[in-house]
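Trainee: Take a look at the following structure, please.
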Amino acid sequence: MWPSNGAARTKGPGSPSGLGRWAAASAAAAVIFLGVLAMLLWGSRFLLPHAYTYYETAADNGVKLHALAASPEHIELRAADRPLEDYRVYGINGGFFYNDAVLSIAVNDDRPVQVAAGDYGSGWFNAKYARGTLVWDAAAGRFSVQVVSAAAELSVTDRGRYFAQGGVSMKLRDDAGWRAAAVDAEHLPYPDEERLRSGLVYDDAGRLWLIVTSTRCTAEAFRTAVKETIAPSSAVDGIFLDGDGSSQLNAAEIKLHGDSRDLRQIIAIQ
């Protein structure tokens, strides 16, 4: 029975117009739920425990560094075909590349990150030049930087238990000779231009530091900032990695996108 005052009665979901409103409300709720779920799933990796310590610091020369310090047992070198931000992984960019070819050594346990050992662009070679390559010898429990052209030349205790990441020698303990090595001998690209920079450094405590700048700087300014701020009393040596738009970092605390270009190789923390 209709109300005697003539007011319209609110229709329930069983009536045509009420059913429409109920369906619209349900659809809106579903969209909101799916959106929240997607955000949680996308961000879930940032809620998980992670095997690194994050550092953010600025050197006296104004260069701002972001670093992930990790044990070498948690490092894996991987092939890539997208920007680092598209991967659900912590880490930074790797070495040099051109189109689909990896042009720096990138080897886990004597296996390059893509294609097969000995193939061009696989990660088996430092293309064109012998260059500084950071090596973790798991059997011996030690790091080194070795200047080689190919993974076959690396000196390791057990070829089934190491990783090697190519770049350009940083020579942290040789202020007089670093430029002759990095620029003259190993042909570091654009050393005197202000660009985003990235690198790997190891210290005498056995930690590996994955470092990316959010400041454009020269290679010398980057090296100076690393020496000053990244374990200044214990850093042993390191390498420059690819730079500029390739300088990318994923961490729970921050993402650095570079220019969001597709990478061909990354350094992941497991």
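Trainee: I need the shape label for region 109-175. Rule: rounded when a/c is under 1.5, else prolate if a/b > b/c, else oblate, with a, b, c from the alpha carbon gyration tensor.
Mentor: Oblate.
Trainee: While we're on this one: Would you mind working out the accessible area per residue for region 161-262, using a 1.4 Å probe, and quoting it in Å²?
Mentor: So region 161-262 comes to 37 Å² accessible per residue, rounded to a whole number.
Trainee: If you don't mind, there's one more thing I want to ask. Would you please report the Å³ per residue occupied by the convex hull of the alpha carbon atoms in region 81-125?
Mentor: Spread over its residues, the Cα hull of region 81-125 gives 81 Å³ apiece.
Trainee: Further, regarding this structure: Which order do you get for Val156, Val201, Val147 if you rank them by accessible area with a 1.4 Å probe, largest at the top? Intermediate values should be presented prior to the final figure.
Mentor: Numbers: Val156 30, Val201 0, Val147 85 Å².
My answer, sorted largest first, is Val147, Val156, Val201.
Trainee: Using θ = phi - 60° and the Karplus curve 6.51 cos²θ - 1.76 cosθ + 1.60, what whole-Hz ³J(HN,Hα) does each residue of region 221-226 get, with Gly and Pro shown as x?
Mentor: 5, 5, 4, 4, 5, 4
Trainee: Considering the convex hull of the alpha carbon atoms of region 226-270, report its projected area averaged over all viewing directions, in nm², one decimal.
Mentor: Working: hull surface 17.7 nm².
Across all orientations, region 226-270 yields a mean hull projection of 4.4 nm².
Trainee: What order do you get for 109-115, 161-167 when each peptide is scored by the mean count of other beta carbon atoms within 10 Å, highest first?
Mentor: 161-167, 109-115
Trainee: Sticking with this structure for a sec: Would you work out the charge dipole size for region 118-270 about its Cα centre, treating the Cβ of every Lys and Arg as +1 and the Cβ of every Asp and Glu as -1, and quote it to the nearest 20 debye?
Mentor: So the dipole magnitude of region 118-270 works out to roughly 220 debye.
Trainee: Taking 25 Å as the cut-off for C-alpha to C-alpha distance, list the pairs among Lys128/Lys227; Lys64/Lys128; Lys227/Lys255 that go past it.
Mentor: Violating the 25 Å Cα-Cα cut-off are Lys128/Lys227; Lys64/Lys128.
Trainee: At q = 0.11, 0.12, 0.18 Å⁻¹, what base-10 log of I(q)/I(0) does the Debye formula yield for region 47-133 when every alpha carbon is treated as an equal point scatterer in vacuo?
Mentor: Per q value, in the given order, log10 I(q)/I(0) is -0.40, -0.48, -0.94.
Trainee: What FRET efficiency would be calculated for the residue pair Arg142, Asp86, taking the C-beta separation as r and a Förster radius of 30 Å, to the nearest 0.05? Could the numbers behind the result be given before it?
Mentor: On the way: r = 34 Å, r/R0 = 1.14.
In this case the efficiency is close to 0.30.
Trainee: So, one more: Tally up the carbon and sulfur contribution to the accessible surface of region 100-235 as a whole percent, 1.4 Å probe, everything protein left in place.
Mentor: So the carbon and sulfur contribution to the accessible surface is 47 percent.
Trainee: Please work out the FRET efficiency for the pair Ala180 and Asn61, using the Cβ-Cβ distance as r and a Förster radius of 22 Å; give the result to the nearest 0.05.
Mentor: It comes to 0.50.
The values are calculated or read from the model by the stated rules, or taken from the named source; none is laboratory data. For clarity, every value in this text was computed on a predicted model and none was experimentally measured. Using ideal geometry, Cβ is built from the backbone for each residue, glycine included, and neighbour counts are taken over all protein chains shown. SASA here: full protein model, heavy atoms, side chains in, ligands and nucleic acids out. Shrake-Rupley method; radii C 1.70, N 1.55, O 1.52, S 1.80 Å.
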